[in-house]
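Undergrad: This is the structure I have questions about; it appears just below.
The values are calculated or read from the model by the stated rules, or taken from the named source; none is laboratory data. Owing to the predicted nature of the structure, the values given are computational and were not obtained by experimental measurement. No Cβ is skipped: glycine too gets one built from the backbone with ideal geometry, and neighbour counts run over all protein chains shown. Ligands, DNA and RNA are excluded from the accessible area calculation, which covers all protein heavy atoms including side chains. Shrake-Rupley method; radii C 1.70, N 1.55, O 1.52, S 1.80 Å.
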Amino acid sequence: MAGGSGLLSRGRDSAAEAGMRVLERLFGQEVLPPEAVDRNSIRSILVVRQHDQLGDFLLSTPVVRALRGHFPAARIGLLVRGYFQGIARLVPSVDEVLVYRERIPDWSWKNGGSFLRALRGRWDLAVVPTTVSHSLTSDFLAHYSGARYLLGSEARVFRGATRNFFYNLVARACDEGRHQTQCNLDIVRHIGVDTADPSPRLVISESERHAALRGLAELGFRSGLPAVAMHLGAGKKPNRWPVAHFAELARRVSGPGGAQVILFWGPGEEELRSRFAESAGVQTIDAGHPELARLGAICAECTALVCNDTGIMHLGAAAGAPVVAIFGPTDPEIWKPLGAGVIALRALSHRTEDVPVAGAMSALRSLVGDRIPLLP
């Protein structure tokens, strides 16, 4: 049975590779040198990033800032999966958000027609930032846009293909160990586009801030007093700081005259909240897992955010919150959001449980000073 399964798998791989060779013959582009780009003709730019996790997506947003700096009058569109449409609208310099629905039941004749009209024939340059993964769907969408210039990386060639054939502008693959934001920016650097500020940034509207504050007030939040947000979860369990560590930190920052503690956790992580309550013994404001734009607005109102290496780390940093991030197996030199407002803590063992609470306290002091009356 095992041998038969292996033969079936190899057969599927061979068919997929043969299919990719056919696609390369059909859609292969002639590669242009970067100096062949007529920059004056670029009046509309589409950035295609529909296949990402939250952190990957936010680490790519400085690409938009770089493009705006070099094409100040261009219309810039951002194509994302449905889960990100709320925060995509908060990315500075984005004029239009196109939403690709990943589930067939979410499409209708109306939204499908609107999507195709927004995508086809309206773009001069399409950029596909590809770093840790490569999406064939993203490449097809960029191709379908009809853009004269299609820019992407030479990295992560599909099996069966000889190159990333959808692109006619091809950036060099990113060096191993390079920060993911820099890898994204390296793609547009291929055509001379760059930015001096590689930090992620979202612009939270006043209405969203007020709505977030109203929601927090209903949970007991007192505006004007210091608040430390804590996100207990992470999709990958090795990335989670022990709940007992979060609980101890909460006790130390929320003593007499201390900070309010706002708790978040992800869908399906309610058990972490229960364990926290059993261990901490302090009053908290339980915000749960609001949608991403609201979560970003809440983070923007907090004095600091303490969290694991997860998408919320990137969201909090982009919203402007000082962030203390606990890292385990993942290298913060590659994945920590860039900027002075983020401190990453990682033990020599690369185990989150070995990051001491005292280290998190020290990092908080470095970021916010006496804005939070911390206990010794």
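Undergrad: Residues in the stretch 260-287 that are more than 15 Å from G235 (Cα to Cα) and part of a strand (DSSP E or B): how many?
TA: 7
Undergrad: Still on this structure, I have one more. For the stretch 241-253, give me each residue that is open to solvent by less than 30 Å² (accessible area, probe 1.4 Å) and either in a loop (DSSP other than H, G, I, E, B) or touching a His at 6+ places or on another chain (Cβ under 6 Å) (or both).
TA: Residue satisfying the conditions is W241 alone.
Listed here are the residues, each with its yes/no results for (1) open to solvent by less than 40 Å² (accessible area, probe 1.4 Å); (2) touching a strand residue (DSSP E or B) at 6+ places or on another chain (Cβ under 6 Å).
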{"position": "F27", "(1), (2)": "no, no"}
{"position": "P33", "(1), (2)": "no, no"}
{"position": "A36", "(1), (2)": "no, no"}
{"position": "N40", "(1), (2)": "no, no"}
{"position": "D56", "(1), (2)": "yes, no"}
{"position": "T61", "(1), (2)": "yes, no"}
{"position": "Q85", "(1), (2)": "no, yes"}
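Undergrad: Have a look at A317, A325, A293 and point out the one that is at pLDDT 95 or above, part of a helix (DSSP H, G or I) and open to solvent by less than 50 Å² (accessible area, probe 1.4 Å).
TA: Checking each option against the conditions leaves just A317.
Undergrad: How about the stretch 325-359: which of its residues are of a type in the set (V, I, T), more than 18 Å from Q182 (Cβ to Cβ) and without any contact (Cβ under 8 Å) to a residue 40 or more places away in the chain?
TA: Scanning the stretch 325-359 gives a single hit, I343.
Undergrad: Whether any residue in the stretch 128-148 is polar (S, T, N, Q), surrounded by fewer than 16 Cβ atoms within 10 Å (Cβ to Cβ), within 23 Å of G55 (Cβ to Cβ) and at pLDDT below 95 is what I want to check.
TA: Taking every residue of the stretch 128-148 in turn, at least one turns out to be polar (S, T, N, Q), surrounded by fewer than 16 Cβ atoms within 10 Å (Cβ to Cβ), within 23 Å of G55 (Cβ to Cβ) and at pLDDT below 95.
Undergrad: Something else about it: From G235, G257, G311, grab the single residue that is open to solvent by 10 Å² or more (accessible area, probe 1.4 Å), of a type outside the set (A, V, I, L, M, F, W, C) and on the phi > 0 side of the Ramachandran plot. Explain how you work it out, then say what you get.
TA: Details: G235 fails: on the phi > 0 side of the Ramachandran plot; G311 fails: on the phi > 0 side of the Ramachandran plot.
After applying the criteria, what remains is G257.
Undergrad: Just need a number here: residues in the stretch 211-232 that are open to solvent by 30 Å² or more (accessible area, probe 1.4 Å) and modelled with pLDDT of 95 or more. Give the steps one after another, and end with the answer.
TA: Our first condition is that a residue be open to solvent by 30 Å² or more (accessible area, probe 1.4 Å); within the stretch 211-232, this holds for 213-214, 217-220, 222-225.
Now restrict to residues that are modelled with pLDDT of 95 or more: none.
Of the residues in that region, 0 qualify.
Undergrad: Same structure again: Modelled with pLDDT under 95 and either closer than 30 Å to T195 by Cα or in contact with an Asp or Glu (Cβ under 7 Å, 6 or more places away or on another chain) (or both), is that true of A340?
TA: yes
Undergrad: With respect to E208, is the statement that it is open to solvent by 30 Å² or more (accessible area, probe 1.4 Å), in contact (Cβ under 8 Å) with a residue 24 or more places away in the chain and more than 25 Å from P72 (Cα to Cα) true?
TA: Yes; evaluated as a whole, the condition is true for this residue.
Undergrad: Residues of the stretch 149-172 being among the small types (G, A, S) and modelled with pLDDT of 95 or more, which ones? Steps first, please.
TA: Applying the first criterion (among the small types (G, A, S)) to the stretch 149-172 yields 152-153, 155, 160-161, 171.
Within the stretch 149-172, G152, S153, A171 qualify.
Undergrad: Please list, ordered by residue number, the helices (runs of 4 or more DSSP H) wholly in the stretch 90-191 having 1 or more residues that are touching a Ser or Thr at 6+ places or on another chain (Cβ under 6 Å).
TA: 109-119, 180-189
Undergrad: Are there any pairs with C-beta distances below 6 angstrom linking a residue in the stretch 286-309 that is farther than 24 Å from R81 by Cβ to a residue that is of a type in the set (D, E, K, R), with the two at least 6 apart or on different chains, and if so which?
TA: Every condition considered, the pairs that remain are T303/R371.
Undergrad: Name the pairs whose Cβ atoms lie under 8 Å apart, with the first residue in the stretch 39-57 and touching a residue at least 24 places away in the same chain (Cβ under 8 Å) and more than 17 Å from R89 (Cα to Cα), the second hydroxyl-bearing (S, T, Y) and assigned to a strand (DSSP E or B), and 6 or more positions between them or separate chains?
TA: Pairs that qualify, where the first residue is touching a residue at least 24 places away in the same chain (Cβ under 8 Å) and more than 17 Å from R89 (Cα to Cα) and the partner is hydroxyl-bearing (S, T, Y) and assigned to a strand (DSSP E or B), are I42/Y149.
Undergrad: Turning to a different aspect of this structure: For residues that are of a type in the set (S, T, N, Q) and open to solvent by 20 Å² or more (accessible area, probe 1.4 Å), scanning just the stretch 328-353, find the one that is farthest from G235 (Cα to Cα).
TA: Among residues in the stretch 328-353 that are of a type in the set (S, T, N, Q) and open to solvent by 20 Å² or more (accessible area, probe 1.4 Å), the one farthest from G235 (Cα to Cα) is S349.
Undergrad: For the subset of the stretch 360-376 comprising residues that are free of Cβ contacts under 8 Å to residues at least 40 places away in the same chain and over 26 Å from the mean Cα position of the chain (by Cα), which member is least open to solvent (accessible area, probe 1.4 Å)?
TA: G369
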